[in-house]
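In what follows, a single structure is set out as structure tokens and then discussed.
The values are calculated or read from the model by the stated rules, or taken from the named source; none is laboratory data. Note that this is a predicted model, so its numbers are computed, not measured. In this analysis, Cβ positions are derived from the backbone assuming ideal geometry, glycine residues included, and neighbour counts consider all displayed protein chains. Protein only, heavy atoms only, side chains kept; ligands, DNA and RNA dropped before computing areas. Shrake-Rupley method; radii C 1.70, N 1.55, O 1.52, S 1.80 Å.
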Amino acid sequence: MSRLSAEDESELQLLLKQLLISINDRISGAPSTECAEEILLHLEETDKNFHNYEFVKYFRQYVETSLGTVVEEETKNLTRGEGQHAIGSGHDTLIHAVTRRTRDSAEYQQMMQTLKNTMIVAVESLINRFEEDQMRKEELHRERQQSQSNSQYIDNCSDSDSSFNQSYAFIRQEQLQDLAEKLDPSRPKEVRWQALQALCCAPPSDVLSCESWSGLRRKLCAALTEPDPDLADNVLQFFAKSFSSSPLNVTREIYTSLGRLLLLPLPQIRLMNDFQKEVTTFWIRHPEKYMEEIIESTFSLLSLHHEPGSTSPRTEKTLEPIHLLALLDIRATWFNKWMHGCYSRTVVLRLLERKYKSLQFKLLHRSFSALVQRSVYSGKELEYAVVVHSLCFLGKLLIYTNGRKLFPVKVRKRKGAKLRPLSTFYVTVYIIYGLVMEVLWTLGDRTECAAECLHQPAVIETLLAPVICELKSPAVALTLVADILARVANTDRGLALFLHEENVLVAHGERTTAALVVVQFTLRLLNDELPSLSESDARQTLCGAFIFVCRQMYNTCEGLQVLRPHGLHAAIAAAWKKTSSLSERVPTPMPGPTARASTQELQNMLIWEETLLDSLLNFAATPKGLLLLQQTGAMNECVSYMFSRFSKKLQVSRCEKFGYGVMVTQVAATAPGVVALRCSGFVQALVTELWSTLECGSEEVRGVRPQPTPMDPIDRSCLKVPRVVLELIDRLIAVNSDAKIHSLFHYEQSHTFGLRLLSVLCSNLDSFLLLESQYDICSALLQSQRENVTEEFIVDSLSVERNHVLVRVGVVGGPSERRLPPRALQEVSPRLYSSRQNLLLNSRWFFFPLAVSSDEMVCSGSSSRLKLLPFQFVSQYSRFHLKIECCSPQVFARQDCYPGHDWLASTVFLIMAGDADRSLRLLLGLSSLLTSAFIWPAGIHASVHVAVETAESGIPPVYWCTAHYVEMLLKAEVPLVHAAFRMSGFTPSQTCLHWLTQCFWNYLDWTEICHYVSTCVVMGPDYQVYMCTAVFKHLQPEILRRTQSQELQVFLKEEPIRGFEVSDYLEFMERLERSYRDVVLTDMKTLRDPVG
């Protein structure tokens, strides 16, 4: 069939008419027939509603009906085995092959012929109806020509049922020529007005494509300069229609013509500004010269300047284009869009550099004038708008590297003129104009911009000028200053500028550091020593802002070193205690007229209390800061506050990116911190969440309960959710009964996790000794191994994990002194897990049960066992690795107050080849050295050489001093490792405390342990810091890899330090000594007064 039915033809004609009506705006705006054809050809790409048109839906359904069978048959043929070879090399997919064959089919040819014939008939019918309508319009036009003189140029729409007549209008070239003549300025106003009315009713595409357009454009622009507003409004109306429906090659001519006018009214500037903000969406599709003409025309317009002497002093000042543009777009949104894309930004910066440097000077002059000559302007609001617009313009330039190269700007020499850096001027401006503070924020958030613009001594000095002048600036401005200072101090370069460069001029011509100025001002605010701040709310807001600046310094190791002597922590703690006591005494608001004021007062007081508590909490970001926090007595309250924010998943601050992980780890590394975490409910929440993850699964599965099945009665305690660590150990590790096994929903998964947790816990030898003495875990694990026997081999994951834990806790030694069994079954060594005669003994892995004979047990109970277990460790290590037979364990006698084993004494005992007398003499001599305070934790515990306040804190010097400086040196010397710890939420200080407390046992080989002790004794106690830094440097590749796989903490706990030799890093440690000994060793000597 070569034609559709009559009904289908009528339906297709109607749908085609609807489609043309829908896209009428697109077609009528085309400047030529070729452009209209291009619009239709690419309609699917440009019209998001293309597939919703009924015409398109009809065609899709018709194609599916006509070719559906063909497509299915070709698909089946090609998917058969013998049909695969039919796909040529040019058609590498099945879709391409099916499409090619379908287009070659007879059905496709017949369909195309049918559609072609039908569409020709439908289009001819529409054209005939359109011509009939045109004849009716011309007849009406002749009838109305005498009554309305302007109607001869307008083809009005008829009242016929043709939908085309609702939108289409045409104008001939002769009529446009006549209109151009009537728009001549010499013609009467009425004639020109009527011509403009007719022009506005004509399609812009016809007008813009006519031969007389150039002359017509000039006359339209001339009409804009007429004093009559009616003429200008009609011209702007026509230009607005042209901007919205014409291509860029035409609209740029209109825009540049407008830009050449000297006096522009506000509506004209508004039209240009709208075009400026929209043109960025499509000028990339056109030649660059079009965009360059638009940009150059804009800069030329903004560069217009009226000299001060050109007008009489008594007359009003002539407004310039920049005044009007600033009123319409005060934030320079148009310029932000122009600078957003590299395509346009390159042209903007090139033109500013080569041709329009005067524009930069003008914008700078406007900004300066607003500050120092504001009184010469008649309109303050207008000048304010110009200032803000100019500053936004300049601020956008400063963001980009090539934009910053445009400065400094050379200006004409003036008497008394004084040049300042642009960034310094910017800071001065923003102190007064807080409206555009986000520009400085943007500069501060970009590393390169901040380094060049804000991290400069002159900028810091300007920022601190109102602080030094003691509140000669309003409190609001000082709060904004504090916000900028905090952003600067949050970067490494800015922090160094604050702490180490004396760039701030104070009284008597002296210079000091910015950190000193800020902390002294903050202390005065905390102590209410600034009477000019009478309002409590303003003082608290300003004080909180400057505490936040200090916080960016004291939450780093190097910053705390500078601020520590000023006692900021004590001042904040005192203010918090005072506020807390006041808030407790505030009575409950009673209904009445004063209830709202009382409620607001209480709310402000609670906010201020939380601000101070949050500031105290951030001292816990460093080891020494944690000591200061403990000494304020606010540890428990701060940890409870941290837990409340942690539970709500709140951010630490706007400058912190990695959450509370670091602070939690720092707090958990100390005894008082663990007590605070337990009292706050943090440990309970962590245990509950862990249990829910293991036993309940995800949130979706948590509500699903298994069907009840008959079982033997079990202990009710097994059905409870564990709340503390001991209960978690009992449920996940000590699974020694059927009742406990049945209480676990995921027995193997949960028990395996418990054994992994036990392995990590036992990596700390003191923790293992406590668990073994209290719970006899080795015997329990061995019993589980014996019970889990299947004929010849142990093959399940639990037995493998238990075997690994038993060997780990039963064998002492460094990386080359012990070899641990793998955690996975290996086919090459099936005999490693034999369940028969040698359960754990084989040629490669050894396990020696730490049994204590009955004659050695002087008294019953876990206390005696805890005293004897370390001797078993040392005896085993000396016998199998050092070939030394140990004597009586009395040499390991320790004070009962120390909560762990004295591993240094054990090390010295083995160094002295098991000679108790020589060991005691060496320890006695070592106790007189400063080094002993750091390498001998048991010896310094409760020592008279430590301040009472420090000793009562329960935080050892190896943590608040050694570990503190290790973190500081890592940030400076091994920044990648420091960043990895920050990202993981783990801290180097906790790892150092672990290594140093047990004297690197199980982490280094015996030779390197001896080198560690001798190096610290001979070279000085600060070498303990340098050696830990060297170890982290040695482990850097592995630390980075484990951080990426989220295994860092387990790796540092369980794995020994492989390949490390002290001799390889002596040169590195000597370099650290030359750079840091003055700081580190000096602080170590202040053992009796670490806070001062």
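Listing for the model above:
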| read-out | value |
| --- | --- |
| Exclusive hit being in contact (Cβ under 8 Å) with a residue 40 or more places away in the chain, more than 25 Å from residue 1034 (Cβ to Cβ) and open to solvent by less than 10 Å² (accessible area, probe 1.4 Å), set 933, 963 | 933 |
| Test for residue 15: is it of a type outside the set (Asp, Glu) and closer than 28 Å to residue 282 by Cα | no |
| Qualifying residue in the range 473-481 (condition: out of contact with any Pro (no Cβ under 9 Å at 6 or more places or on another chain) and over 24 Å from residue 601 (Cβ atoms)) | yes |
| Residue among 42, 51 that is closer than 24 Å to residue 206 by Cα and either in contact (Cβ under 8 Å) with a residue 24 or more places away in the chain or of a type outside the set (Gly, Ala, Ser) (or both) | 42 |
| Selection from the range 445-493 of residues that are buried (at least 16 other Cβ atoms within 10 Å of the Cβ), among the polar types (S, T, N, Q) and under 23 Å from the mean Cα position of the chain (by Cα) | 490, 491 |
| Odd one out for residue 1046, checked against (1) within 20 Å of residue 967 (Cβ to Cβ); (2) out of contact with any Asp or Glu (no Cβ under 9 Å at 6 or more places or on another chain); (3) modelled with pLDDT under 95 | (1) |
| Residue match in the range 254-264 (condition: open to solvent by 40 Å² or more (accessible area, probe 1.4 Å) and more than 26 Å from residue 229 (Cα to Cα)) | no |
| Of all residues in the range 225-243 being out of contact with any Leu (no Cβ under 8 Å at 6 or more places or on another chain), at pLDDT below 80 and not charged (D, E, K, R), the one that is most open to solvent (accessible area, probe 1.4 Å) | 227 |
| Residue count for the range 609-662, restricted to those that are under 30 Å from residue 1080 (Cβ atoms), of a type in the set (Lys, Arg) and open to solvent by 10 Å² or more (accessible area, probe 1.4 Å) | 1 |
| Matching residues in the range 174-197 - criterion: being surrounded by 21 or more Cβ atoms within 10 Å (Cβ to Cβ) and at pLDDT 80 or above | 179, 180, 183, 192, 195, 196 |
| Segments classed as helices (runs of 4 or more DSSP H), wholly inside the range 698-777, with at least 1 members that are open to solvent by 60 Å² or more (accessible area, probe 1.4 Å), farther than 25 Å from residue 993 by Cβ and at pLDDT below 75 | 699-702 |
| Flag for residue 515 being in a helix (DSSP H, G or I), of a type in the set (Gly, Ala, Ser), at pLDDT 90 or above and under 36 Å from the mean Cα position of the chain (by Cα) | yes |
| Some residue of the range 529-552 being over 24 Å from residue 440 (Cβ atoms), part of a helix (DSSP H, G or I) and modelled with pLDDT of 90 or more | no |
| Residues of the range 602-656 that turn out to be touching a Pro at 6+ places or on another chain (Cβ under 8 Å) and modelled with pLDDT under 90, as a count | 1 |
| Number of positions in the range 211-224 that are open to solvent by less than 10 Å² (accessible area, probe 1.4 Å) and either without any contact (Cβ under 8 Å) to a residue 24 or more places away in the chain or closer than 14 Å to residue 175 by Cα (or both) | 1 |
| Where residue 987 falls short, out of the listed (1) open to solvent by 30 Å² or more (accessible area, probe 1.4 Å); (2) closer than 16 Å to residue 1035 by Cβ | (1) |
| Which numbered condition residue 1006 misses (of (1) over 32 Å from the mean Cα position of the chain (by Cα); (2) of a type in the set (Phe, Trp, Tyr); (3) surrounded by 21 or more Cβ atoms within 10 Å (Cβ to Cβ)) | (3) |
| Tally of residues being open to solvent by less than 10 Å² (accessible area, probe 1.4 Å) and on the phi > 0 side of the Ramachandran plot across the range 992-1003 | 2 |
| Members of the range 973-984 that are open to solvent by 10 Å² or more (accessible area, probe 1.4 Å) and either at positive phi or within 23 Å of the chain's Cα centre (by Cα) (or both) | 975, 976, 978, 979, 982, 983, 984 |
| Single residue of 292, 288 found to be touching a Leu at 6+ places or on another chain (Cβ under 9 Å) and either on the phi > 0 side of the Ramachandran plot or at pLDDT 85 or above (or both) | 292 |
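So that you can scan it fast, the table gives a plain yes or no per residue for (1) more than 26 Å from residue 877 (Cα to Cα); (2) hydrophobic (A, V, I, L, M, F, W, C):
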position: 908; (1), (2): no, yes
position: 919; (1), (2): no, no
position: 928; (1), (2): yes, no
position: 935; (1), (2): no, yes
position: 939; (1), (2): no, no
position: 944; (1), (2): yes, yes
